[in-house]
Amino acid sequence: MPESTPGGPALRLTARAAIAAVADQDSFHELAHPAREFTEEGRQDGPLVWQGYAESRARAEERTGERESVVCGAATIGGTRAMVVSFEFGFLGGSLGERTGDRLEAAHRHARDHRLPVVSLIATGGSRMQEGMRALVQLQRVARQSELTGAAGLARIAVLRDPTTGGGWATLGAGADLILALPGSQVGFAGSRVRPPDTDPAAYTAQAQLAAGAIDEVVRPDELREALALRLRLLASPDGDARPRTEPAEPPAALGRTDLPATGWEAVSRARSPERPHADAYLDAYCTDRAPLRGDRCGGTDPGMLCGFGLREGRTVAYAAQCGTATTPAGYRTAARLVRLAGRLGIPVLTLVDTPGAANGAEAERAGAGAAIADLFAAVATSPVPVTSLVIGEGGSGGALALAAPDNLWATPDSYFSVIAPELATAILKRGPEETRATAEQLRLRPQDLVELGVARGIVPGQHP
């Protein structure tokens, strides 16, 4: 794909040029599109008999060479077969009409029949005014087809081109499992001509949507093919069939010290040490390739919660890893999103527990901390795929427990897990600060204590050299 203009909108490609930019050479085969013609008397101008609509369509067809605003077909991307849906913005602004709905429904049906993930290359201004409500209700139709595809255990990946607005963003775009965007692309439910005049246009960009947790990654045009190929390799079942019964992910080996702490306070001190390996180091050692999943899809991100999918000895594993900071509501919601998506796709989950606890300031409360933690507890508890958890540092109260598997929890030698931090327990019990170390001992929070108490299954050994 051509490079975007620095600081400006992404360059616009035709639907077929966008397909060619991501698909393996000569691999795209267009679907035979269902035919819907306005054949009733007086309906050449569509269901509303909108004067001049037929002429507008004719000009769009002549200008673009397309019969409708979307092109659909099967292709391979990096060797993985997928259904590709590509919007033609030059055809009436890539708008959705009845015949667009016909094509999108046919594409999703074909994807389910042939067990293909769906890649949507979106560039649209929304629903087609010349078809009125008959066009608008296509959003319900498209949303239903997309959800049926997702419920069938097939991945849905969206690529946001310029522009992605209106119903196309609110269905195939924002409703996808993973969302990539080209830099500089206009992204938002409200198009540029219908926003309040004093609105900041920077809020309707791919970069702004990334910061707001609405998309997973902004990808340079020249890196898009590789980015899609990696995600399809991670999320698509190798043979196209639904994945068989999933085996649990193995817990990572310990990367830090391998000797056990002698006292509770030593366990706490070692877990809090800046020298102790953190989530990034564990994920780098555990996975050969990784693709991130970012954002809670309702306005928030948490850089202290790393989520995504990675390859572990040729097998895909989903991961949600705390980075040693207090976890925010957005972090819990992102992790819950990851766990549920992995469950639908049949991919085992690995969680790395490392937090002093949930963020507990006023901002976290206003953002729904309790509900977000409860949602993650529910996602882990009801996951249809096995969840493996490893405590790699601090395990601070319920804010850490929400990410922990109830029956498959492991610990590293330089970690601890406690009902509450020793300092807070000391304060609540009205003890003096000098009694903190003794309180830590009473809490029995060392990794070997967790095993003896039946909370952890075991302590993982160190990594082989």
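Values in this text are rule-based calculations from the coordinates and carry no lab data. Here the structure is a predicted model, which is why all the values come from computation and not from measurement. When we count neighbours, we look across all protein chains shown, and the Cβ atoms used for this are built from the backbone with ideal geometry, even at glycine.
A compact table of results
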{"read-out": "Residues of the stretch 342-365 satisfying the condition of being closer than 30 Å to Leu154 by Cα, part of a helix (DSSP H, G or I) and not aliphatic (A, V, I, L, M)", "value": "Gly343, Arg344"}
{"read-out": "Number of the exception - Ala362 against (1) touching a Pro at 6+ places or on another chain (Cβ under 9 Å); (2) over 17 Å from Ala335 (Cα atoms)", "value": "(1)"}
{"read-out": "Subset of the stretch 397-435 [without any contact (Cβ under 8 Å) to a residue 60 or more places away in the chain, of a type outside the set (A, V, I, L, M, F, W, C) and more than 13 Å from Leu450 (Cα to Cα)]", "value": "Ser397, Gly398, Glu423, Thr426, Lys430, Arg431, Gly432, Pro433, Glu434, Glu435"}
